[in-house]
Amino acid sequence: MFELVKPEEQISNSGDGHNGIVLKSIVGEKTGSTVLSVNLVQVEPGGVLDAHRHPVSEHCYYVLEGEMLVVTDTARLLLKKGMAIWVGTNELHGIANESNETTTYLAITTPPTVHKTMPK
């Protein structure tokens, strides 16, 4: 099975704890995927994704444009264009764009998770 996803079919949203962030769903429930989600995320300057955990999901973030600060319970990591980070299950993580430019990154999650802030 496969599903072609056109830009006009991508669903945009931002949820609780997603300040200055727009998420476009590319692959996920709407395409029939039950084990993977891929989202294109844009973070405006000053945008913040509050620190949270996913009890059963892990992420890979890949920066396409700009830079973003990834905050964990043990580190503050600056990711720039072309860099990626893997965040394991139940690891505390948050994002901030402290630059003057919009940051765009891919968020790849397995299994898919609801995009809302989870308790710290």
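The values are calculated or read from the model by the stated rules, or taken from the named source; none is laboratory data. All figures in this text were calculated on a predicted structure; none of them were measured in a lab. Please note: Cβ atoms are built from the backbone with ideal geometry, for glycine as well, and neighbour counts cover all protein chains shown.
Each row is one residue, and each column tells you yes or no for (1) in contact with a Phe, Trp or Tyr (Cβ under 9 Å, 6 or more places away or on another chain); (2) among the β-branched types (Val, Ile, Thr); (3) surrounded by fewer than 18 Cβ atoms within 10 Å (Cβ to Cβ).
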{"position": "LEU23", "(1), (2), (3)": "no, no, no"}
{"position": "VAL35", "(1), (2), (3)": "no, yes, yes"}
{"position": "ALA75", "(1), (2), (3)": "no, no, yes"}
{"position": "LEU79", "(1), (2), (3)": "yes, no, no"}
{"position": "ALA107", "(1), (2), (3)": "yes, no, no"}
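The criterion of being surrounded by 19 or more Cβ atoms within 10 Å (Cβ to Cβ), in contact with a Ser or Thr (Cβ under 9 Å, 6 or more places away or on another chain) and modelled with pLDDT of 85 or more holds for LEU49.
Considering the stretch 20-120, the qualifying strands (runs of 3 or more DSSP E), each wholly inside and each with 1 or more residues that are closer than 28 Å to PHE2 by Cβ and not acidic (Asp, Glu), run over 37-52, 58-65, 84-87, 103-110.
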